[in-house]
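Take a look at the structure below.
The values are calculated or read from the model by the stated rules, or taken from the named source; none is laboratory data. From a predicted model like this one, the values you see are computed outputs, not experimental measurements. No Cβ is skipped: glycine too gets one built from the backbone with ideal geometry, and neighbour counts run over all protein chains shown. When the accessible area is computed, the model is the full protein with side chains, heavy atoms only, and any ligands, DNA or RNA have been set aside. Shrake-Rupley method; radii C 1.70, N 1.55, O 1.52, S 1.80 Å.
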Amino acid sequence: MQSAKSKNFLSSGIACWLVFGVFLCSYLVHAPWIQFFDRWGYQLLQPTTTLRTTIYTAITHFGDPTTVFILTVLVALVCWWRHRLVLGSWYLGTQVVGYLLVIAVKYSVIRPRPTHQLVPARGYSFPSGHTFATTLFTLMIVALLRPHLHHRWQRILLSLVGAGWILAVMASRVYLCDHYPTDVFAGFLLATGWWLLTSLVMSRTIK
């Protein structure tokens, strides 16, 4: 059973990174579908209104990598307090090393951000750091809470809330013109692949 789960994690993680590679290579060669996808994704979140801008601004602040890092430190502290030193350190390290990976990709691709940003953002656009950090943190919280939920509907609800929050942060980055839709999907794929592959290693290291 454990072997089957490990194989699923490995194959799913590799699949996520392969699809991420498709996004990356397609942008680098200026594939036409990238521009179409970005235009379609942006139009999907229109129109722009004062209320929606306020809501998405609040969401994007909660998904900020700095905020997520602080929350990750708090989770690590709780793990350490419960005598799970290795587990807490692993989660903290996964977030830190993962975000360094994002920075490395950003400064390798050097994609300019969209113009007319509603909330100013610096740095490069591909992939979305907000999406990466939020996806990684959400998957971590789901993994920590699931073993304590004894009913199937509770686990399903937790997964839906987690997925909803990730989508909300992704949407906020596109709506506020801080990222292109391909940036946020790339950030999601990179983070999910990173989580699956590191979780596979963690399951074989931490008992």
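The single condition among (1) open to solvent by less than 10 Å² (accessible area, probe 1.4 Å); (2) outside any helix (DSSP H, G or I) that Pro112 does not satisfy is (1). Checking the range 150-164 against the condition returns no match, with no residue being closer than 26 Å to Leu101 by Cα, touching a Pro at 6+ places or on another chain (Cβ under 6 Å) and not polar (S, T, N, Q). Within the range 160-188, can you find the residues that are under 19 Å from Arg122 (Cα atoms) and of a type in the set (Val, Ile, Thr)? Matches in the range 160-188: Val169, Val174, Thr182, Val184.
Here the condition is being in contact (Cβ under 8 Å) with a residue 60 or more places away in the chain, surrounded by fewer than 22 Cβ atoms within 10 Å (Cβ to Cβ) and polar (S, T, N, Q); of Thr198, Thr192, it holds for Thr198 alone. The set of residues in the range 1-31 that are under 23 Å from Arg173 (Cβ atoms) and exposed (fewer than 11 other Cβ atoms within 10 Å of the Cβ) comprises Cys25, His30.
Among Ala104, Ala31, Ala76, which is the only one that is of a type in the set (A, V, I, L, M), out of contact with any Asp or Glu (no Cβ under 6 Å at 6 or more places or on another chain) and under 19 Å from Ser128 (Cα atoms)?
It is Ala104.
Are any residues in the range 22-69 assigned to a helix (DSSP H, G or I) and β-branched (Val, Ile, Thr), and if so, which ones? If you could, list the steps in order and put the result at the bottom.
Taking the range 22-69 and keeping what is assigned to a helix (DSSP H, G or I), we get 22-28, 32-44, 50-62, 65-69.
Those that are assigned to a helix (DSSP H, G or I) and β-branched (Val, Ile, Thr): Val22, Ile34, Thr50, Thr53, Thr54, Ile55, Thr57, Ile59, Thr60, Thr66, Thr67, Val68.
Of all residues in the range 8-33, those that are under 9 Å from Leu189 (Cβ atoms) have Cβ atoms under 6 Å from Cβ atoms of residues that are of a type in the set (A, V, I, L, M, F, W, C), 6 or more apart or on another chain, in Cys16/Leu189; Val19/Leu189; Phe20/Ala186; Phe20/Leu189; Phe20/Leu190; Phe23/Ala186.
Which one is farthest from Val169 (Cα to Cα) among residues in the range 41-82 that are open to solvent by less than 50 Å² (accessible area, probe 1.4 Å) and among the hydroxyl-bearing types (Ser, Thr, Tyr)? Can you show your working first?
Step one: of the range 41-82, the residues open to solvent by less than 50 Å² (accessible area, probe 1.4 Å) are 41, 45, 53, 56-60, 63-65, 67-68, 72-73, 75-76, 79.
With the extra rule that they be among the hydroxyl-bearing types (Ser, Thr, Tyr), the set shrinks to 53, 56-57, 60, 67, 72.
Details: Thr53: 13, Tyr56: 8, Thr57: 10, Thr60: 6, Thr67: 13, Thr72: 17 Å.
The extreme case among them is Thr72.
Residues in the range 122-135: is at least one closer than 27 Å to Ser3 by Cα, at pLDDT 95 or above and in a helix (DSSP H, G or I)? Talk me through it step by step, then tell me what you get.
Just the residues of the range 122-135 that are closer than 27 Å to Ser3 by Cα, to begin with: 135.
Retained after the next criterion (residues that are at pLDDT 95 or above): 135.
Applying the additional criterion that residues be in a helix (DSSP H, G or I) yields 135.
Among the residues of the range 122-135, at least one is closer than 27 Å to Ser3 by Cα, at pLDDT 95 or above and in a helix (DSSP H, G or I), which makes the answer yes.
Consider the range 115-162 and keep the residues that are β-branched (Val, Ile, Thr) and under 11 Å from the mean Cα position of the chain (by Cα). The one that is surrounded by the fewest Cβ atoms within 10 Å (Cβ to Cβ) is Thr138.
Counting only residues that are β-branched (Val, Ile, Thr), at pLDDT below 80 and not in a loop (DSSP other than H, G, I, E, B), how many does the range 177-207 have? Break it down into steps so the answer makes sense when it comes.
So the first thing to find is which residues in the range 177-207 are β-branched (Val, Ile, Thr), and the list is 182, 184, 192, 198, 201, 205-206.
Filter once more, so that each one left must be at pLDDT below 80: 201, 205-206.
Checking which are not in a loop (DSSP other than H, G, I, E, B) leaves us with 201, 205.
Selection size over the range 177-207: 2.
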